[in-house]
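Just below is one structure, and these are the notes that go with it.
Computed from the coordinates by the stated procedures, all read-outs in this text should not be read as laboratory data. Not measured: the values here are computed from a predicted model. Cβ atoms come from the backbone with ideal geometry, glycine included; neighbour counts cover every protein chain shown.
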There are 2 protein chains.
Amino acid sequence: MERSPSSGAEALTAVELSRSWSALENDARVQAYRRLRRGEAEDFFQGLSSADQGALLVALTPRERKLSLRLLAPDDVADILLEVSPAEQEELLSLLDAPTRKEVSALLAYAEDAAGGLMSPWFARVRPEATVDEAIRYLKRQATDHLETLYYGYVLDAEQRLLGVVSLRQLVTAPGDQRVSDVMKTDVIAVNEDVDQEEVARLFAEHDLVAIPVVDGEGRMKGIVTADDIVDVVEEEATEDIQKLGGMEALDAPYLRTPLFSMLKKRAGWLSALFVGELLTATAMGHYEDEISRAVVLALFVPLIISSGGNSGSQATTLVIRAMALGEIRLSDFFRVTRRELASGLALGGILGAIGFARVVIWQQLFGAYGEHHLLLALTVALSLVGVVTWGTLAGALLPFALRALRFDPASASAPFVATLVDVSGLVIYFTVAELLLRGRLL
Amino acid sequence: MERSPSSGAEALTAVELSRSWSALENDARVQAYRRLRRGEAEDFFQGLSSADQGALLVALTPRERKLSLRLLAPDDVADILLEVSPAEQEELLSLLDAPTRKEVSALLAYAEDAAGGLMSPWFARVRPEATVDEAIRYLKRQATDHLETLYYGYVLDAEQRLLGVVSLRQLVTAPGDQRVSDVMKTDVIAVNEDVDQEEVARLFAEHDLVAIPVVDGEGRMKGIVTADDIVDVVEEEATEDIQKLGGMEALDAPYLRTPLFSMLKKRAGWLSALFVGELLTATAMGHYEDEISRAVVLALFVPLIISSGGNSGSQATTLVIRAMALGEIRLSDFFRVTRRELASGLALGGILGAIGFARVVIWQQLFGAYGEHHLLLALTVALSLVGVVTWGTLAGALLPFALRALRFDPASASAPFVATLVDVSGLVIYFTVAELLLRGRLL
């Protein structure tokens, strides 16, 4: 392919620029974008994230802006406008032609993370009374205009209500003079325009969809969401859940592009809240100060026991939160999950308890570290572990249910949150077991 | 739409069955599948996960199996065969017609999570010397056979090497008598057949792709991966990473469908390993037993301090692991990340240290809990927190780099793993600060 540089400097290919893009600062990005080979700027621009497109547009000349904006589908333009300042939003809107401006404004009215904010208003409409042959001809003609409309024809009545859907494949295998209404599938999976994008993504994954129609409250079709939009949504939602599970607020931008101060705000809030919760451990320990001063050996196992509760709680909460996000577990599965996690907690606690018991006995044989009551001490450690691990597992599994029932995000039951909760109660379990077993001997 | 029940019982719609599917046992699933309305079984079957398709096929009669299998693209058949026993694999393969069997066998030779195992061998080939008009006619004809081939025509030479790609849109806007080789885009993003599916998903998200061509070592085109295949991959990889981050091995099936025993195996391994690591805290505490018996008050803050290190480490490792999985952070970003996390750790440690200092001073005023050296004790707690949080943050951020440099999965640096690592070193930091500040007073 011939090279036709658009400026004096050496021309870049879109693939070359993609590779270095994330390492470039804003000014360098604009320079590099202008050095793209003719014909490649279009593709490259369309492949950028909405945030990068917005930042780039704002830095371009008005003429360049207009050219770049005109390439995009209305839903992509709307995504960009959500990334720039209100003044810039106004200005970019004014560069669009009137029909597109109207479509974009309509899309902007939706919440960014609802089906309506994600959909494309371009799709192929088919009348129910059309013949199969007419519908095929119509779909093929549409296909050359907008790629997103290729897969299906949506059958609408005069009020734009969705009656059914036909695929090209269904049409081709049907007799040419049959009516679309006789061939179409009426049992269509559609979403309301206000449905959250996470739910839309779940439907895609569950039913292996290529496109899903979006309808309003009266069943009127407004647009379609296609699988390629959903890839981004799934990545984004998983990232949010992962960051929440790690015990912080989700970031709004990639790690390296988030200013240090706003990242600190996202982290400091939860970390301080967890710390304040964890201060209760100092209070709980203070409550057992007498016991500790009489048997310092008890203090030695405190980190071991509370961290085991935290780790088992982290496993359970992670499993349940992810399964809830994927729709594998519903609120009605509460008792099934409780039974499973009770059994898991007892089994895992038994394993750790056995290892803990062995550790105390072996150290006693080797170093004589724990004195004459070492068997009772070993039993205290082992029983506490069974209790703490079972409790940690149950708390980790059931906290997401409680949060969901109260209409909070289950992912807020982060691993550190569960660990903090279990730390305080773990201390109470441990010292209670110790008092029961060691009273009159070590205590 | 008329109802045409395929058996005596009441007919089910595909959407109705989808809703109850996850709650049904295997036998009930087969019964319900047979009660689907005529024409809906096909759609429903195609929307199932490969594992569910495999389980269902094995339970159907040979005639039903054959009908269901014939509906699927070779890549989907291959996915099912990977879910069943070798004997069942043989039997299902024998039900296919010869050309499909050959294609499926070729796909089975790829690793399940490589680009080759994910691709469809069906795509539209175009000769470079064809005219634009010929190419359009050819693509439209293909479109009616296989939906997956609709978006692009792939331009191959006589040895099947990928020369470039043309979209329908590019073709339609070009003069009809021009050669395809003059219109095609040669700067194509393609993947080798051995590339991991996680990398393929990253390319889709980064470049907003609809389909990506898969080539072998000599650049010969073997198939395409489409966006709808990638939605599943992204969900699956995120689930694996989340479960690893929670401190366990990733499950092979949804939570409620994983047998209790195999779930326990995935959890017990890591939990025991973490526990054995955590046993070092008992050793470390034993090392400071004298100090604790002289100043029991020191023991009271042990859970607070080590858990703060764990929580801050959990935040940092979660951020870095996710950013690595999304390709936002590479090994070469090591120093940038180190600087950022060092600054974050000091700032977060400063905040927690201030809260900790205030807690000791206020409790002293209210309850006289900590005696005459309470200011020194408060300073010990505060400085330890700065040290432990900074160290936890750095360890959490850098461990994924170390693992990746050693070619391990960075996601193994799970939150509980980092917490365990930081617990032991946190104790050393705390008691060292205490010895420096309190020697001759409390100690």
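Normalising the average separation of contacting C-alpha pairs (under 8 angstrom, six or more residues apart) by the number of residues puts the relative contact order of the stretch A:124-226 at 26 percent.
Principal-axis analysis of the Cα atoms of chain B puts helix B:374-405 at an angle of about 30° to the longest axis.
Before rounding to the nearest 500, sum -39500 (n - 2.57) across all DSSP H runs of length at least 4 in chain A and divide by the residue total; then give [θ] at 222 nm in deg cm²/dmol.
Numbers: 21 runs with 279 residues, N = 443.
It comes out at -20000 deg cm²/dmol, rounded to the nearest 500.
In the protein assembly as shown, with Lys and Arg counted as +1 and Asp and Glu as -1 at Cβ, which of these residues, A:171, B:381, B:250, has the Cα nearest the positive end of the dipole, that is, farthest along it? Looking along the dipole axis, the top candidate is B:381.
Rounded to the nearest 20, the size of the Cβ-charge dipole of the stretch B:228-347 about its Cα centre is 420 debye, with Lys and Arg at +1 and Asp and Glu at -1.
Other residues lying with their Cβ under 13 Å from the Cβ of residue A:295 contribute a combined charge of -3, Lys and Arg counting +1, Asp and Glu -1. For the listed peptides B:274-282, B:333-341, a ranking on the average number of other beta carbons within 10 Å per residue, highest first, reads B:274-282, B:333-341. A Cβ-based charge dipole, computed about the Cα centre of chain A with Lys and Arg at +1 and Asp and Glu at -1, lands at about 980 debye. Summary of packing: across the peptides B:207-218, A:254-265, A:306-317, the per-residue average of other C-beta atoms within 10 Å ranks them, highest first, as A:306-317, B:207-218, A:254-265.
In this assembly of identical copies, the label point of residue B:137 (Cα plus 7 Å along Cα-to-Cβ) is separated from its counterparts by 1.9 nm, sorted shortest first. Principal-axis analysis of the Cα atoms of chain A puts helix A:132-143 at an angle of about 80° to the longest axis. Counting only lysines at least 8 places from residue B:266 when in the same chain, those with an alpha carbon closer than 28 Å to its own are A:244, B:244. Label-to-label distances for residue A:102 across copies, nearest first, come out at 5.5 nm, using points 7 Å from Cα in the beta-carbon direction.
Looking only at other chains, what is the average number of their beta-carbon atoms within 10 angstrom of each beta-carbon in A:234-245?
Working: counts 10, 13, 2, 3, 10, 7, 1, 3, 10, 5, 1, 7.
Counting Cβ atoms of other protein chains within 10 Å of each residue's Cβ and averaging gives 6.
Selection among A:395, A:283, A:338 by position relative to the dipole of chain A gives A:283 as farthest towards the positive end (Cβ unit charges, Cα centre). Within a straight-line Cα-Cα reach of under 25 Å, residue B:102 can be paired with the following lysines, leaving aside sequence neighbours fewer than 8 residues apart in one chain: B:66, B:222. Farthest toward the positive end of the dipole of the stretch A:14-113, out of A:87, A:50, A:60, is the Cα of A:60, where the dipole comes from beta carbon charges about the Cα centre.
How large is the charge dipole for the protein assembly as shown, taken about the Cα centre, if only the Cβ atoms of Lys, Arg (+1) and Asp, Glu (-1) carry charge, to the nearest 20 debye? Walk me through the numbers on the way to the answer.
On the way: 82 positive and 122 negative charges, 295 e Å.
My answer is approximately 1420 debye.
Relative to the longest principal axis of the Cα atoms of chain B, helix B:415-438 runs at roughly 20 degrees. Mean separation of Cα pairs under 8 Å and 6 or more residues apart, divided by the residue count, gives the stretch A:255-438 a relative contact order of 36 percent.
With contacts defined as alpha carbon pairs under 8 Å and 6 or more residues apart, what's the relative contact order of chain A in percent? Mind dumping the intermediate values first?
Working: 616 pairs, mean separation 50.0, N = 443.
Here the relative contact order equals 11 percent.
Counting Cβ atoms of other protein chains within 10 Å of each Cβ in A:69-79 and taking the mean gives 0. Label point of residue A:412 (7 Å along Cα→beta-carbon): distances to the other copies' equivalent points are 3.6 nm, sorted ascending.
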